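Novice: Below are the structure tokens for one structure; questions will follow.
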Amino acid sequence: MIVHRVGRRIGAHNWFAVVLDFVIVVVGILLALQISNWDEQRRARELERAYLVRLASELRANIAEFADDREAAVSTSKSVAAFAAALRDSSTTDDVLVGSAKGFFDGAWTTPDFSPSATTFTDLSSTGNLQVIRNAALREAVIALYDAYQASISAVEINTSWVLPNDARLAYEYDALRWDARTSGLFPERTNAQAARELRAQRQVLLRHTAAYYWIYDSVLEAYSEAAAQSQFVLDRIAAELNER
């Protein structure tokens, strides 16, 4: 309609009206583009906030999990150290040695776990939405955190693959499964004196095994602490960013 009117006015040489109509058309287009741009920016801000809220929730859950896992790992590490100390000390009584062996094989003879949630970050990365986090420093901190998670996961997996062959040897050659509550009933009964004598006969092998487990748990304890601190740092940055929005 406006174009038709412009055409008629050009024919009538009404140049002022032509220019006015042209300006109205251009302004209308620019206004429509600006409104579209504002709407797009609003959606981007809403998407950014939604992702930051999800990241914050995920990090709080990870921090709580690190605390629980660290507490369990400290207890396990103490059981490993207690068994090693009992083996080293020639004055350890049979009852104490047997009790520490049960504590190790029935509770501490496990590999640690490091499996923080990364669902939100994976979503951000796979969808190409990382750029919706406009604060570049915060975006880089988030990326660095999840890279650190992955490095710790890989380290725990490497340590586990290193120690598991020794587990198999210990279970088969040194009757380690007789100490596990689930399988101990499958073996002939023995007195504490007999059990202690067998443990002392295998002292060097058992000490090497406890040393490997102590090293693994010492490493994962450090990973839990570092991951918790770095997660809290990023969580604080996210909280500050959300408060500013």
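Rule-based calculations on the coordinates, nothing more; no lab input. Everything numeric in this text was worked out from a predicted model, so none of it was measured. All Cβ positions, even for glycine, are placed from backbone atoms using ideal geometry, and neighbour counts span all protein chains on display.
Novice: Can you work out ³J(HN,Hα) from phi for every residue in region 202-212, in order, using Karplus 6.51 cos²θ - 1.76 cosθ + 1.60 and θ = phi - 60°, giving whole Hz and x for Gly and Pro?
Specialist: 9, 3, 5, 5, 5, 5, 5, 5, 5, 4, 5
Novice: Which whole-Hz ³J(HN,Hα) couplings does region 173-187 yield from phi under the Karplus relation 6.51 cos²θ - 1.76 cosθ + 1.60, θ = phi - 60°, glycine and proline marked x?
Specialist: With coefficients 6.51, -1.76 and 1.60, one gets 7, 10, 6, 5, 5, 5, 8, 7, 4, 6, 10, 4, x, 7, 9 Hz.
Novice: For a Förster distance of 35 Å, can you work out the FRET efficiency between the beta-carbons of A148 and F187, rounded to the nearest 0.05?
Specialist: 0.20
Novice: In sequence order, what are the phi-derived ³J(HN,Hα) couplings for region 148-154 according to the Karplus relation 6.51 cos²θ - 1.76 cosθ + 1.60 with θ = phi - 60°, rounded to whole Hz, with x for glycine and proline?
Specialist: In residue order, the calculated couplings are 5, 3, 5, 5, 5, 4, 5 Hz.
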